[in-house]
Structure formats: structure tokens, C-alpha cells
Amino acid sequence: MVRVINALLAIVGGVGGALLLYWILNRLAEMLPQKWEERVKPWVFILPAIAAIGLFLIYPAVRTIVLSFANATSTAWVGLENYTDLLGSRDFQITLVNTLLWIAVVPAVVVALGLAVAVLADRLGSGGERLTKSSIFLPMAISGVGAATIWRFIYEARPEGETQIGLQNAVWTALGFDPVAWLQVDTLRLNSFLLMVILIWAQVGFSMVLLSAAIKGVPIDTIEAARIDGANERQIFFRVTVPQIWGTVITVFITVLITVLKAFDVVFVMTNGNFNTDIIAVRFFNELFRNGDNGRASAIVVMLMIAVVPVVAYQVRHFRAEEAAR
Amino acid sequence: MTTTGTTPPPTPVPAEVKPRRAMPRRGAGVAPGAGRASWPARIVLLVICFLWLVPTIGIIVTSFRTEEAALTSGWWTVITSPLDFTQYTIANYREAWDAGMNNSFINSFAVTLPATIIPIMIAAFAAYAFTFMEFPFRDTLFVVIVGLLVVPNQVALVPLLRLYTDVNLTGQFAAVYLAHIGFGMPLAIYILRNYMSTLPKAVIESAKIDGASHFKTFWRLIVPMSVPALASFAIFQFLWVWNDLLIALLFLGPGEREVVTVTVAGLVGQQQQGWQLLTAGAIISMVVPVAVFIALQRYFVRGLTAGSVKG
């Protein structure tokens, strides 16, 4: 009860305090000569937001880069040692390969499935469309931990001879095979792919909703025109619809890509990176929390930052183009 | 989105996404879409929906079965013996609730509510300035915010953990919600600014002519007009913070102040024993975000289609 009251107090204090701050700063600005007032006011409005971003994103990001050149307790400089140690270890190489696999598979599958469902559902009656979309969209509200729990009961394995209570092994043994501890099979990275299935399951709804909105936004006359010109459904889809929704396809792809880069919960909860399923975000957590190694954890994050630089660049360019078109 | 976190990108609004249909596509007589799905298409959709729903149905059914039933037969066996009432129970929920979910459930609110509500106002002020005021470096600053949308928040965690330790904030709810306020800020400003720039400029101009100050214009005009955008950010942020595991685990950890995701993650780790607690615990942890999501889906989708993405 005390906690709830504290939380409410935090809200009241946070919101009230911020409002009071704005009000006072605004008053002060109004006391300045007209010319200065005009110059100062915008900064009064954006300063708290900029301060939050500076304190919680910019400053720590810079500090992370610095710490990546220091030792585990950040007490001495070690140059590039964190990087060379990580990149030289077999373990970390596996982590990187797995992460690349996730990047290669998940965003593409999520976009393709989302597009397929969006296109097909668009042709159903509105009731069927809503029902289809809701069932695929719902996992979006479920946490990574919740999703992992749900899929635990799919992949669960029991020793041979016992009743299988995991769905996948139940089907598998019904087909006459021996039960398999799925998450421990790293042949061809099978376990990593099974973990990817969980993230795909959670993300397709997002992709479907965005792409569906884009498809509905395609002007009907362009499709009608193509139809009159004798194009078949497939040609209409690939030559008329897809080019017009391409911007959204890229948006979805980037979003899922970023989600994959920071994906932590599913792998952490299911295998904690064991059985060769480690990925970069889980490794980061274990270096920082389990091993207390600030240097290596920071070096991993710096690699992550380098990986998103092209995405940031694209993002900014795209934004500029959109603004110019406004 | 997921979580996983799920996950919305900073990717600027693709023009196609905006609902800009001048005429309803499906007017009488036209109906190029509705109802023309072929049977193979219907079957494919049915199979996909089935595959998507089965895992969730499985855990819901399991959560209402006794430990004995759950450990000795698959949940799908209820299809063949649905009337064998000895296998059903609601004791799992009571046990999970008493075994710690009651505590972490409240903790989750203590973290999520401030993390959702506080940033809204701060971001609204900033978005107003970015939309309606002129100042040096305005566009540069906004581009930085757009870039930050795709930066994973892991970049901040190592130094923040040290900083929090220095100021004795580790283990406090404030440690988590303050971090989420910072991490959510770029998205909040981005969504609100995009929305505000679609508001009719004439309204603001006439308020100015009437002698209203920026403060007054913001408070009386812009905030009430921006409610849909405020709501869509609030839903995103609520789902992210409630569903987050990483930051809660780092800054609060397991223990007295653990949140629901941490409790459930702990239960998954225990092999087999206590599994009936796990199913019920997981469902308790999902009830709030799923309810919020279903109730406010409209705003959520609107936020998505406004091109929101967060790193």
C-alpha cells in the first residue's frame, strides 16, 4: 500500500514539479525584455526534455565508449584489450555468428509473413479480417518473458517412455520418433532457430498492422487502371502495390532489426545463452551482471553502436527527405 | 515490441501509411477487396491464426489444471475429456499470487505509472517548441532525436548502473522509472511533434493575435487537441515498461522490489517443480498489458502508423 502511495506521490511530484518548473521559468522569461523573452522561451520549453535525453542517453553513451577502453572495474586503461579479448574468444565468435543469423532471418521473415497476412486478410469480410488480425496482433502485448513461458510448454521434453507434455515432442513422438530436448540441439543451429520462432511469433502482428495500413492506403485507381490494362493479380501486387508500400516495408524491417539487436528476454529466459544460443544482448548482460566486467560489457555495447550507425544514418536521411516533401 | 520486447522505429512516417483515402475504397458496387478471398487463401489464414493462438491457449488451459494433471498429460488432452472436472483447479492462481506475484504486481505499477505519465508532459512542452517556435539549432536538435530513436538503450546501462550506485539509487523504484523517462523521451517528442505539425496553423496564429502567450496556447489549445497522440505514446510506454525485463533486473533485481517480469523469469528457471505456479504467474503478469492493449488498441495502431519506433 505504501508503495502504491509512493508511486502516486512520485507521479504527482514529478508532474506537479515539472509543471511548477515550467511555470516559474516561463514567468522569469516574461520578465525579460521582449526581445530576450522571444529568444529564451523556446529553451524553457525544451530544456527539461533535452536534460533527460542528455543525462540518460547521450552522457552514458559517451561514457560507455570511454569505459570500453578500461578494465573490469574501470580503474585502469587497457587500450583495445577488451575488444581483442572478445573478438579472439571462440565463445564470443559464436555469439556474433548467432546474432548475425538472427539479423538475417528474423526481420525478413517478420516482414514476409506480415505482408502475406495483411494481403490475404484484406480480402476477407471485415469481421473475418478483424478476427484474423486480433489473433496475430495479441502477442504484441505479451512480454518477452511471457512469450518465453508460453513457448516453454511447446518445446518441453520428457525422457523417452514418459508422456510428453510439450506439444512439439507430442507431435514428434506420435510420428514415431524419439523425444528430443529441442533447445539443446545445436546441429545446424536448430535451437537458435526455435528461439527465433518465438520472437517472430511476437513481432508479426506489428508488421501486419503497419503493412495492412499501407496497403489500404494504396489509391484504388492505380489498381483499377492496372486491371483494365489486363494485369493479373500477381502483377498488380508486385508492380503496383509493392512499390507504393515500399517505404513502410523498410520501416518495418528497420524496426524489427533494432528489436533483434536488443533482444534479450527470450534467449535469457529460455537458455541464458547456453547450448550455443548466445546472442549479443544476453552476453552483454552476463558480462555486466554475472561477471561484473564493465570494460567488456561496454566494449560489447560499442560494437552494438557501430552496428546501428548505418541505420541511424538511413533514419536521418529518410527523415530529411520526408520533411522536405512536407 | 517484445518485447521484447517488442517493440516502434524512429523511422519517419512513410507517406503511404497516412490514412489519406479521399474516397472509401469499398463503397457499394466497388468492393474490390472484401469477400473475394479464394478458398486456399482462407485456409492459409486459418492455419496461421491457429498456429498463432495455440501456444497461448496451451498456457491458459495448463494454468487451470492441477499440478498432477499438468505433469502427467498434455494440456490438449482436455479436448477429449473436457468433462473430467477433477483435472481443473484455480488453486494455481491463488498459490502464485501468494508466492510473490501479489508483491511484484504492485511493484510493477510503482515503476510503470510514473514512467508512463511523467514523460508525457515534458515531451509535450518540447514538441510544442519544436513545432511552433523558432530557435537556433532547432532542426539539428530534432535530427539528433530522430537518430536516437534507433539507438538500443543498452548504450546507457553500464554508466547508469555506476551512477546509481554512487547516489544510492540502485534498488529504488525511481532508478527504473527515471531511466525509462529518459529512454522514452525521443519517441515521445517524435510522436507528439509529428502530430502537432498536422494541427491547423491558423488556430495558433489566431490565438497569438488574441494575445495568448505560448504557455497559454500550449495549455489551453495544443494539449487538448493532442490527446490522441498523447494516448498512443502512453500505451507504448506502458507496455514497454511493464514488459521490460532487462532494466528492471539490472536496477531493481530479484528481491523485495522485483517486478512481475523478474518474478516470472525466476519461475521459468526452476525446472519442472512449481510449473503450475509458472503458468498462473505468467498469466497474471500478462493481464494488465493485454487489457490495456485491447481497450486502447485504436490509439496503439494510430501510434504505430505514425511511424513510431524505439531503440
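The values are calculated or read from the model by the stated rules, or taken from the named source; none is laboratory data. Nothing here was measured: the structure is a model prediction, and the numbers come from that model. FYI the Cβ positions are ideal-geometry reconstructions off the backbone, even for glycines, and counts take in every protein chain you see.
Could we say that residue A:131 is of a type outside the set (Asp, Glu) and within 7 Å of chain B (Cβ to nearest Cβ) here?
no
State yes or no: is residue B:247 more than 9 Å from chain A (Cβ to nearest Cβ), crowded, with 24+ Cβ neighbours inside 10 Å and either among the β-branched types (Val, Ile, Thr) or closer than 22 Å to residue B:290 by Cβ (or both)?
Numbers: more than 9 Å from chain A (Cβ to nearest Cβ): yes; crowded, with 24+ Cβ neighbours inside 10 Å: yes; either among the β-branched types (Val, Ile, Thr) or closer than 22 Å to residue B:290 by Cβ (or both): yes.
Yes.
Can you pull out the helices (runs of 4 or more DSSP H) entirely within region B:195-263 that have at least 1 residues that are farther than 17 Å from residue A:146 by Cβ and at pLDDT 90 or above?
B:227-243, B:246-251
Taking into account only those residues within region A:19-39 that are surrounded by 17 or more Cβ atoms within 10 Å (Cβ to Cβ) and under 39 Å from the mean Cα position of the chain (by Cα), which is farthest from the other protein chains (Cβ to nearest Cβ)?
A:25
Has region A:95-104 got at least one residue that is buried (at least 17 other Cβ atoms within 10 Å of the Cβ), within 13 Å of chain B (Cβ to nearest Cβ) and more than 26 Å from the chain's Cα centre (by Cα)?
no
Return the pairs, sorted by first residue and then second, in which the second residue is surrounded by fewer than 24 Cβ atoms within 10 Å (Cβ to Cβ) and β-branched (Val, Ile, Thr), the first residue lies in region B:104-117 and is within 9 Å of chain A (Cβ to nearest Cβ), the beta carbons are less than 8 Å apart, and the residues are 6+ apart or on different chains.
The qualifying pairs are B:106/A:4; B:109/A:4; B:110/A:4; B:113/A:11; B:114/A:11; B:117/A:11; B:117/A:15.
Could you check how many residues of region A:223-253 are closer than 30 Å to residue A:288 by Cα and crowded, with 21+ Cβ neighbours inside 10 Å?
Going through region A:223-253 one residue at a time, the tally reaches 0.
Among the listed residues A:220, A:258, identify the single one that is on the phi < 0 side of the Ramachandran plot and either surrounded by fewer than 21 Cβ atoms within 10 Å (Cβ to Cβ) or of a type in the set (Gly, Ala, Ser) (or both).
Being on the phi < 0 side of the Ramachandran plot and either surrounded by fewer than 21 Cβ atoms within 10 Å (Cβ to Cβ) or of a type in the set (Gly, Ala, Ser) (or both) holds for just one of A:220, A:258, which is A:220.
Could you identify the single residue in A:89, A:74, A:68 that is within 15 Å of residue A:303 (Cβ to Cβ) and either buried (at least 16 other Cβ atoms within 10 Å of the Cβ) or not assigned by TED's automatic domain parsing to the domain that holds residue A:192 (or both)?
Selected residue: A:68, the only one of A:89, A:74, A:68 that is within 15 Å of residue A:303 (Cβ to Cβ) and either buried (at least 16 other Cβ atoms within 10 Å of the Cβ) or not assigned by TED's automatic domain parsing to the domain that holds residue A:192 (or both).
Look at residue A:63 and say whether it is basic (Lys, Arg), surrounded by fewer than 19 Cβ atoms within 10 Å (Cβ to Cβ), within 30 Å of residue A:289 (Cα to Cα) and at the interface with another protein chain (Cβ under 9 Å from one of its Cβ atoms). First the steps, then the outcome.
On the way: basic (Lys, Arg): yes; surrounded by fewer than 19 Cβ atoms within 10 Å (Cβ to Cβ): no; within 30 Å of residue A:289 (Cα to Cα): yes; at the interface with another protein chain (Cβ under 9 Å from one of its Cβ atoms): yes.
Against the criterion (basic (Lys, Arg), surrounded by fewer than 19 Cβ atoms within 10 Å (Cβ to Cβ), within 30 Å of residue A:289 (Cα to Cα) and at the interface with another protein chain (Cβ under 9 Å from one of its Cβ atoms)), residue A:63 does not qualify.
Could you check residue A:55 against (1) facing chain B (nearest Cβ under 7 Å); (2) farther than 25 Å from residue B:153 by Cβ; (3) among the hydrophobic types (A, V, I, L, M, F, W, C) and say which number it fails?
Just one mismatch for residue A:55, condition (2).
Which of the following residues is surrounded by 14 or more Cβ atoms within 10 Å (Cβ to Cβ), more than 9 Å from chain A (Cβ to nearest Cβ) and at pLDDT 80 or above: B:89, B:62?
Just one listed residue meets the conditions, B:89.
For region B:162-174, state whether one or more residues are facing another protein chain (nearest Cβ under 9 Å) and in contact with a Ser or Thr (Cβ under 6 Å, 6 or more places away or on another chain).
Among the residues of region B:162-174, not one is facing another protein chain (nearest Cβ under 9 Å) and in contact with a Ser or Thr (Cβ under 6 Å, 6 or more places away or on another chain), which makes the answer no.
Rundown of residues vs (1) closer than 18 Å to residue A:301 by Cα; (2) small (Gly, Ala, Ser); (3) in a helix (DSSP H, G or I), yes/no style:
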| site | (1), (2), (3) |
| --- | --- |
| A:16 | no, yes, yes |
| A:30 | no, no, yes |
| A:49 | no, yes, yes |
| A:55 | yes, no, yes |
| A:62 | yes, no, yes |
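Taking only pairs six or more apart or across chains, which ones have beta-carbon atoms under 8 Å, a first residue in region A:226-255 that is within 22 Å of residue A:204 (Cβ to Cβ), and a second residue that is among the acidic types (Asp, Glu)?
Within 8 Å, the pairs are A:244/B:16; A:245/B:16; A:247/B:16; A:248/B:16.
I need a count of the residues in region A:203-217 that are hydrophobic (A, V, I, L, M, F, W, C) and crowded, with 24+ Cβ neighbours inside 10 Å.
6
Got a sec? Which of B:125, B:135 is within 10 Å of chain A (Cβ to nearest Cβ) and either surrounded by fewer than 15 Cβ atoms within 10 Å (Cβ to Cβ) or not in a helix (DSSP H, G or I) (or both)?
B:135 is the lone residue from the list that is within 10 Å of chain A (Cβ to nearest Cβ) and either surrounded by fewer than 15 Cβ atoms within 10 Å (Cβ to Cβ) or not in a helix (DSSP H, G or I) (or both).
Can you tell me which residues in region A:92-142 are at pLDDT 95 or above and of a type in the set (Ser, Thr, Tyr)?
Matches in region A:92-142: A:95, A:99.
Looking at (1) assigned to a helix (DSSP H, G or I); (2) more than 8 Å from chain B (Cβ to nearest Cβ); (3) over 19 Å from the mean Cα position of the chain (by Cα), can you tell me which one residue A:159 breaks?
The failed condition is (1).
Answer with yes or no whether residue B:150 is assigned to a loop (DSSP other than H, G, I, E, B) and at the interface with another protein chain (Cβ under 7 Å from one of its Cβ atoms).
Numbers: assigned to a loop (DSSP other than H, G, I, E, B): yes; at the interface with another protein chain (Cβ under 7 Å from one of its Cβ atoms): yes.
Here the answer is yes, as residue B:150 does meet what is asked.
For region A:66-75, name all the residues that are over 24 Å from residue B:186 (Cα atoms), more than 7 Å from chain B (Cβ to nearest Cβ) and not polar (S, T, N, Q). So that I can check it myself, show each step before the final result.
We begin by selecting, within region A:66-75, every residue over 24 Å from residue B:186 (Cα atoms); these are A:67-75.
Filter once more, so that each one left must be more than 7 Å from chain B (Cβ to nearest Cβ): A:68-75.
Result: A:69, A:70, A:72.
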